[in-house]
Amino acid sequence: MNAINDNSSDRVSDQVSASAVVPQDAGPLALYEARVAEGLLRPDPDQERVARRLDRLWTELKTYRPPVVVPEPVRKKSFLASVVNRLPAMLHREEEMAPPPRGVYIVGRVGRGKTMLMDLFFSCAPLAKKQRIHFLSFMQEVHQRLRQLKLENPGMSDPIPPLAKTIAADATLLCFDEFQINDIADAMILGRLFQALFRERVIIVATSNTVPGDLFQNRPGADAFKPFIAIIHSNLDTETLDSETDYRRGREQDDTTWVVPADETARHRLDKVVMRYGEGHKPQEVTLEFSGRTLPVDHAQGPVARFDFTSLCSRPLGPGDFLAVAKRFPVVVIDDIPALGPDDANVARRFITLIDALYDNGNLLFVSADATPDQLFPAGEGADAFARTASRLVEMSSESWLARAHAPGGCLSRP
Ligand SMILES: Nc1ncnc2c1ncn2[C@@H]1O[C@H](COP(=O)(O)OP(=O)(O)O)[C@@H](O)[C@H]1O
Ligand SMILES: [Mg+2]
């Protein structure tokens, strides 16, 4: 899955390279301690404990020799191909191999440093083939690749095992940020896909806001998902990271990104934002095309897209649509976000997905709303999950977020 590029790991490698005193082959604990010593991070015993667990995995990976995975040549099944395919299994009979190191599932509330620690670990993980992926992007890619496999091989009964082989051939270590399961189609695919990945001896590290046992629970189809939870438990250790401090809070706020209330004054302020970032371009209608779908954008102006909240979140749009918007428009402006109540759970869920896509891509977001992020969806199904979104929105309003978007490599400077 080389197509997935997660810019946040670039951010960390920048930070890591700032630690000039650390030896080249330092592990995650040494990197963490160096950053604390340099004053880049505040000391935090809970983070240190998780860094130690990741350090153990780092040590185990130094001597880990994963089997060579040969992607299945699905189109032509010659005798030779089938022998070549079975070779790794023939050479390393499963029962003769030592069990692979256990992965780590880091769970806790927002802003505790889960992603920061996973990225430190990823930056120094001693494996040639490794990938760090936001889970939302990973699932997008999985759906796309499954569609493609079926299209290219009409007779194929089950595309999941060949997909798992391709993924394993590209990466022995998969790091998932924001592991979450939101819909039944993903839930059904994931159980079998992960089982196949573990069979290929892939190591998984993940961050999440939800303990494995609570993933996809209290939803229709939850029982069918239980075996997947068991698979996670038997391959990954859960490490809780839940210190007192939410490190996302308390940053300097730029009050122009989230304007309350959504009145005429707010509209004028957003007009100015659109003018500033869309300078030199005329407003026009654009149609985005992706994965065989189209999405009309009524107001596009250079790098800016402007939407009414209802046109984005009251229609049945999903992660694919939001990712397409995020990728195409570095600056997203949304007018008139209403305060959401218990009857708006679906709208709130879409908004969460939208913000995940924008956050992960490092987009700039300017909105007018009738409530602050913390007050936007205080009660209703999914209000707990919304706390993470509120925290992200706070971070996306910070000056450092704006600075990062403008910096080289930030969303405004990408081609
Ligand atoms: N010990 C720390 N000292 C200072 N800043 C921290 C510390 N831990 C994390 N941060 C910063 O706080 C922000 C939130 O951390 P992050 O890893 O994104 O949290 P999470 O993934 O748990 O929501 C990041 O910008 C991160 O660099
Ligand atoms: Mg995170």
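Of the residues making up segment 42-53, those that are surrounded by fewer than 14 Cβ atoms within 10 Å (Cβ to Cβ) and part of a loop (DSSP other than H, G, I, E, B) are Arg42, Pro43. The set of residues in segment 320-366 that are farther than 23 Å from Arg404 by Cβ and either touching a Phe, Trp or Tyr at 6+ places or on another chain (Cβ under 6 Å) or β-branched (Val, Ile, Thr) (or both) comprises Asp336, Ile337, Leu340, Val347, Ala348.
This table checks each residue for (1) β-branched (Val, Ile, Thr); (2) crowded, with 17+ Cβ neighbours inside 10 Å.
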| position | (1), (2) |
| --- | --- |
| Phe198 | no, yes |
| Ala222 | no, no |
| Pro227 | no, no |
| Ser234 | no, no |
| Glu239 | no, yes |
| Thr265 | yes, no |
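Of the residues making up segment 121-132, at least one is in a strand (DSSP E or B) and either among the aromatic types (Phe, Trp, Tyr) or away from ligand 2 (no atom under 13 Å from the Cβ) (or both). Of the helices (runs of 4 or more DSSP H) that lie entirely inside segment 349-415, those containing 1 or more residues that are open to solvent by less than 20 Å² (accessible area, probe 1.4 Å) and among the β-branched types (Val, Ile, Thr) span 383-396.
Tally the residues that are in a loop (DSSP other than H, G, I, E, B) and open to solvent by less than 10 Å² (accessible area, probe 1.4 Å), restricting the search to segment 160-177. Total meeting the criteria: 1.
Taking first residues from segment 308-329 that are touching a residue at least 40 places away in the same chain (Cβ under 8 Å) and partners that are aliphatic (A, V, I, L, M) and part of a helix (DSSP H, G or I), the Cβ contacts under 7 Å between residues at least 6 apart in sequence or on separate chains come to Leu312/Leu354; Cys313/Val347; Cys313/Leu354; Pro319/Leu136; Pro319/Ala357; Leu323/Ala357.
Total residues in segment 85-120 satisfying the condition of being within 16 Å of ligand 2 (Cβ to nearest atom), surrounded by fewer than 18 Cβ atoms within 10 Å (Cβ to Cβ) and either among the β-branched types (Val, Ile, Thr) or at pLDDT 95 or above (or both): the figure is 0. Of all residues in segment 54-72 being surrounded by 15 or more Cβ atoms within 10 Å (Cβ to Cβ) and in a loop (DSSP other than H, G, I, E, B), which is modelled with the lowest pLDDT? Looking at the filtered set, the residue picked out is Glu72. Number of residues in segment 125-151 that are open to solvent by less than 20 Å² (accessible area, probe 1.4 Å) and over 28 Å from Leu354 (Cα atoms): the value is 1. The residue that is nearest to Val325 (Cα to Cα), among those in segment 277-286 that are exposed (fewer than 11 other Cβ atoms within 10 Å of the Cβ) and modelled with pLDDT under 95, is Lys282.
The values are calculated or read from the model by the stated rules, or taken from the named source; none is laboratory data. Predicted model, so just to flag it, every value in this text is computed and none were measured. Quick reminder, even Gly has a Cβ in these numbers, built from the backbone with ideal geometry, and neighbours come from all protein chains shown. Calculation scope for accessible area: heavy atoms of the full protein, side chains included, ligands and nucleic acids excluded. Shrake-Rupley method; radii C 1.70, N 1.55, O 1.52, S 1.80 Å.
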